[in-house]
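The values are calculated or read from the model by the stated rules, or taken from the named source; none is laboratory data. In this text, all values refer to a predicted model and were calculated from it rather than measured experimentally. Every residue, glycine as well, gets a Cβ built from its backbone with ideal geometry; the counts of neighbours run over all protein chains shown.
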Amino acid sequence: MGRERARLAGVDVAEAYRQHGPFVWRALLRFGVPPNTLDDATQDVFLVVYRRRRDYDGRRSLRAWLYGIARNVAQKHRARHPHEVVALAEDLASSTELGNSCPHEHAVTREAADFVDRFLGKLDKDKREIFVLGVIEGLYVAEIAELLSLNINTAYSRLRSARKEFTSALYRHAARDRMLTKRNG
Amino acid sequence: MDDLDQSEEFHLAAWQRVHAPGPRVAAEHLRRLQSAVLADRLRRRRRVLITAAAAVATAAVLLLAVWLGGSSLDQEHRASGEAAASFTRLGREPSRVIPGDRRSAESDIGSHEPAMAVIPPTSEPPSSRERPVSTSQPRPVERHVSRTSSEEHGAPVSSSSDTLSEEIHLLGSASASLRAGDPGRALALLRDHERRFQNSSLLEERSAWIAVALCRLHRRPEGIRVASEFVARYPNSLHLPRIQSACATMTSEPPSPQPGVKPR
């Protein structure tokens, strides 16, 4: 955290973007920013980071700080584009690109991502964000509790529950795959 | 993603990879971000410069205002100081009549009366004027400054200033009449002054000129009586030589009647 703070104080916003840009981008999408304004919203977040870079006190992770900024920026974007609010998981896949991967790898990655999207779509709302932040984005539970205004025990409990559900879902998915492979084989 | 098995990690990494801007988009984001940061920095720098320029301009205006105000105050202070000094000096000096250019006075219709200049009196009591008079030249400028100063600043001219002007005018006319060899008219003017300004601060000048006028009118006993009173009251007055000159050379013979003047 100290290094992150020092980097920010050194106004290396570009490096902050390279490390955390995708995280912000996803967070903005989950906050309902329309894909056509996602680039502007991402830029806005890092401009705020640049202007407020000296406000970052390093008490929490840079990601947690960025998440808070992204939430505020998303609120403003939603207010500016009230008719373009998108559904969370449904539009995520359609607004992305995978770069220069081979078709097989592309298909496998896309299939894995689709599985997680389906899982997130079925997950309770109050567990979904905790799961994304805690399990996928790697934030500390204490930070998640603070960001989502939750009791820390509640945050732990929901995260544990979501993790268990994810493991079960993946287990079932793998079992189904094995069954299909046997049947086809 | 601790404590995740390999499959879980793979799925979540795939999700992250899919739900992220691609390399092309990321590069574009970065480029736009750097441009925006640069523009923001320039905008802020410009704002700082504008603020600094405004601050400098404000400071310059304030300095100018202070300087102008200071110089104006200084002028006012100087003017009022000179006026105050003039009045104070006059108040301390016993004589309001200062010898002028003797050559010009003597060449003036052959009169023996030296040129006299009247200086504004002071409101201080007469006792404070019992000191030796200054032999400095008349100071009309000082009088002008003191009056101009109050006029310039819109201050109403006081009634005492009006009275003083009137006194000066009256005594100036009497002095001019004496220099012009018309002691009768001078005496009439001085009596008029005596009647109108009983508590005049120019009493010394008036008394001296009355004595001179009486002697010139060949009313020597009266002139000597006034002169004696004058000497008793103003033993160090600069007017004494003139009084002596006028009364010592005059006879007690009645003068030839002066037209339009009623001798006392």
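The figures follow:
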| quantity | calculated |
| --- | --- |
| Among the candidates B:ARG185, B:ARG191, B:ARG195, B:ARG219, residue that is free of Cβ contacts under 8 Å to residues at least 12 places away in the same chain and among the charged types (D, E, K, R) | B:ARG195 |
| Wholly within region A:95-185, helices (runs of 4 or more DSSP H) carrying at least 3 residues that are under 27 Å from A:PRO34 (Cα atoms) | A:103-122, A:125-131, A:141-147 |
| Selection count where residues are facing chain B (nearest Cβ under 10 Å) and under 11 Å from the mean Cα position of the chain (by Cα), scope region A:28-51 | 2 |
| Leading residue by the ranking (nearest to the other protein chains (Cβ to nearest Cβ)) among those in region A:146-171 that are of a type in the set (A, V, I, L, M) and surrounded by 21 or more Cβ atoms within 10 Å (Cβ to Cβ) | A:LEU170 |
| Test: B:ALA13 is more than 7 Å from chain A (Cβ to nearest Cβ) and under 21 Å from A:LEU28 (Cα atoms) | yes |
| Residue selected from region B:1-22 under the condition at pLDDT below 80 and not charged (D, E, K, R), by the criterion farthest from the chain's Cα centre (by Cα) | B:LEU4 |
| Every residue from region A:86-135 that is modelled with pLDDT under 80 and either in contact with a strand residue (DSSP E or B) (Cβ under 7 Å, 6 or more places away or on another chain) or not hydrophobic (A, V, I, L, M, F, W, C) (or both) | A:GLU90, A:ASP91, A:SER94, A:SER95, A:THR96, A:GLU97, A:GLY99, A:ASN100, A:SER101, A:PRO103 |
| Filtered residue count, region B:17-60, keeping only those that are within 30 Å of A:VAL135 (Cα to Cα) and surrounded by 17 or more Cβ atoms within 10 Å (Cβ to Cβ) | 10 |
| Residue pairs meeting the criteria (Cβ under 8 Å; at least 6 apart or on separate chains; first farther than 18 Å from A:ARG63 by Cβ, in region A:145-161; second of a type in the set (Lys, Arg) and surrounded by 18 or more Cβ atoms within 10 Å (Cβ to Cβ)) | A:ARG158/A:LYS127; A:SER161/A:LYS127 |
| The lone exception for A:ARG54 - which of (1) modelled with pLDDT under 75; (2) within 14 Å of another protein chain (Cβ to nearest Cβ); (3) in a loop (DSSP other than H, G, I, E, B) it fails | (1) |
